[in-house]
1. On the given criteria, is residue 2 surrounded by fewer than 18 Cβ atoms within 10 Å (Cβ to Cβ) and either aliphatic (A, V, I, L, M) or at pLDDT 85 or above (or both)?
2. Can you give me the number of residues within region 57-71 that are within 16 Å of residue 43 (Cβ to Cβ) and touching a residue at least 24 places away in the same chain (Cβ under 8 Å)?
3. Just a yes or no: is a residue in region 33-54 under 12 Å from the mean Cα position of the chain (by Cα), at pLDDT 80 or above and in a loop (DSSP other than H, G, I, E, B)?
Amino acid sequence: MIDLMTPLSRTIASRRADILAAVHGKPGTASIAALQNDDTVTALARCCYALLPGVVRLAVKEDAFRAFVFQHRDQLLAQLVQA
């Protein structure tokens with residue numbers, strides 16, 4: 001099984017402003033309440049999937065990735081809202 005947390009954490013760390021801008025329309029703004037909305041998490045998963053390395057995207061289909069994001073949403077949201 002592929003460890004998705006490592007490439008996803010790297011993607012969030014390096015592209016945090018881009019991800020937040022894609023999800024919220026404004027870079028650098030996020031709140032836990034807003035990011036806990038299922039539609040927003042779906043948009044977050046779609047955005048992050050597109051930013052993952054191609055090798056990861058070849059190995060993991062987008063629907064499986066989205067399920068992973070929902071399963072680990074608290075960890076991922078904490079990474080996004082940290083200053």
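The values are calculated or read from the model by the stated rules, or taken from the named source; none is laboratory data. All values reported here derive from a predicted model rather than from experimental measurement. Neighbour counts run over all protein chains shown; Cβ positions are idealised from the backbone, glycine included.
1. When the stated conditions are applied, residue 2 passes them.
2. Residues that pass the stated criteria total 5.
3. Yes, region 33-54 contains at least one residue that is under 12 Å from the mean Cα position of the chain (by Cα), at pLDDT 80 or above and in a loop (DSSP other than H, G, I, E, B).
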